[in-house]
Amino acid sequence: MLLTNDQFLLYLKKLFESNQKTGSVFVTLKRTNGQPPHKTNSNKKKKQATNYSCLCRATDGKKKISTYIEHRNIVRFQIQYNTLLQTNLKLVKKIVKKKKSKKSKFPRKSNIQKK
Amino acid sequence: MVWYFDFEEFYVAAKKLFFSNPLKTRFLFKYRNCDGKVVLKVTDDQVCHKIATKYSQDLKHIKRINNLFIQSMANKDLQTYQKETPKLQNKKKKVRAKH
């Protein structure tokens, strides 16, 4: 289902929410020309308009959504997508174990010469 | 298929793969909430680079890779992003002695 950028992000949020207990969410990014990847044997010589855009697809195995990200919408999409990931990705905090020093509990007396 | 354990290495490999074949390379992001696991994959249907994580500290790396791909894929001119050096290299500026 091809959507606009805002609609895509809304549906993506719903995908994340509905797949919290079971299932996985897949998001794919690909560069497109607007033309099919395989060469077609067409006699008509079409002018190749090189308008590159990013095709963003998302699925949870059942529902499929997609959108085209144009050059002018990059920053806006990036900010919204990053905030979406920040809120929806629940990852574990890495516990870094501190090495226990072998020093004794009682501090050593300093070697100050008493006058 | 190559599995990576370091995000910096994965970033360099992914960038190299994308700029060698921009129209064929795709970037995949998989998230499973029940396992709390994220898997990133970059492939051009011949070579495949993968990395997995479950730690929140790696979220910034994930965002960085995402940003790289969104910006470079939607942009017409790829050379600007290709020139950016990865953060692996810590370049020290040479200070010339004043005579």
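The values are calculated or read from the model by the stated rules, or taken from the named source; none is laboratory data. These numbers were taken from a predicted model, which means no experiment stands behind them. All Cβ positions, glycine included, derive from the backbone under ideal geometry; neighbour counts span all protein chains shown. All accessible areas refer to the heavy atoms of the entire protein, side chains included, with ligands and DNA or RNA removed. Shrake-Rupley method; radii C 1.70, N 1.55, O 1.52, S 1.80 Å.
Distant-in-sequence amide contacts of A:Ser24, defined by a placed amide H-H separation under 5 Å and a gap of 5 or more residues or a different chain, comprise nothing. When chains B and A come together, the accessible area they lose, probed at 1.4 Å and totalled over both chains, is close to 3300 Å². Here is the list for region B:1-72: chymotrypsin sites (Phe, Trp or Tyr not before Pro) lying in DSSP coil, each with at most 11 other C-beta atoms within 10 angstrom of its C-beta, are B:Phe5.
Looking at region B:32-79, the trypsin sites (Lys or Arg not before Pro) that sit in a DSSP loop and have at most 11 other Cβ atoms within 10 Å of their own Cβ are B:Lys76.
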